[in-house]
1. Within the stretch 14-22, is there a residue that is modelled with pLDDT of 95 or more, farther than 30 Å from residue 137 by Cα and surrounded by fewer than 16 Cβ atoms within 10 Å (Cβ to Cβ)?
2. Which number in (1) over 24 Å from residue 24 (Cα atoms); (2) assigned to a loop (DSSP other than H, G, I, E, B) marks the one condition that residue 106 misses?
3. Kindly establish whether residue 117 is assigned by TED's automatic domain parsing to the domain that holds residue 172, over 14 Å from residue 172 (Cβ atoms) and either touching a strand residue (DSSP E or B) at 6+ places or on another chain (Cβ under 6 Å) or assigned to a strand (DSSP E or B) (or both).
């Protein structure tokens, strides 16, 4: 779907869900969506040409969004900050493989009460991750695989994010220290992915004993 598809958007002011992953929708099309669909609760724009321009349109007009997925788009900190500032109802934010950094992540941590946050393959570091852990205690799922986080971030999540059920820290610098900390006092943990990290089988066994419900993955990345 491109901007030439504007007639398809008619005026569905009551539309609450729109899934456009993998389409050719552009920022111009996003502006049409934002103007005509103010009641949107869920919007999926992953693997599109969505960028900061489209983010500005969405942030101005779709303030009731609960779910926003823009993985593998051209979003940067500029657009992400706008979304985190004006769309305060978001509880599921998917930003994987975008250009966001610790700058916008800190705004997310300050403004949103998320349940799910995907930041894999972004430039987020321990600094941003610690902000998330301390600022968003409601998180149930965090995906930071393929980022530069280490035990510093893992220990911060261990201390502050007791509601976490699914943790994806594959292909990071987390070691046994951070991994075992994540497994302490976390009876609701169901998944901990540490493949492609230095975490050992010994640490895996300890986590499995402490978290009986959890599937724990270590070893080489697939």
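1. Yes: one or more hits.
2. Only one criterion is unmet by residue 106, namely (2).
3. Values: assigned by TED's automatic domain parsing to the domain that holds residue 172: yes; over 14 Å from residue 172 (Cβ atoms): yes; either touching a strand residue (DSSP E or B) at 6+ places or on another chain (Cβ under 6 Å) or assigned to a strand (DSSP E or B) (or both): yes.
For residue 117, the condition - assigned by TED's automatic domain parsing to the domain that holds residue 172, over 14 Å from residue 172 (Cβ atoms) and either touching a strand residue (DSSP E or B) at 6+ places or on another chain (Cβ under 6 Å) or assigned to a strand (DSSP E or B) (or both) - is met.
The values are calculated or read from the model by the stated rules, or taken from the named source; none is laboratory data. In this text, all values refer to a predicted model and were calculated from it rather than measured experimentally. In this analysis, Cβ positions are derived from the backbone assuming ideal geometry, glycine residues included, and neighbour counts consider all displayed protein chains.
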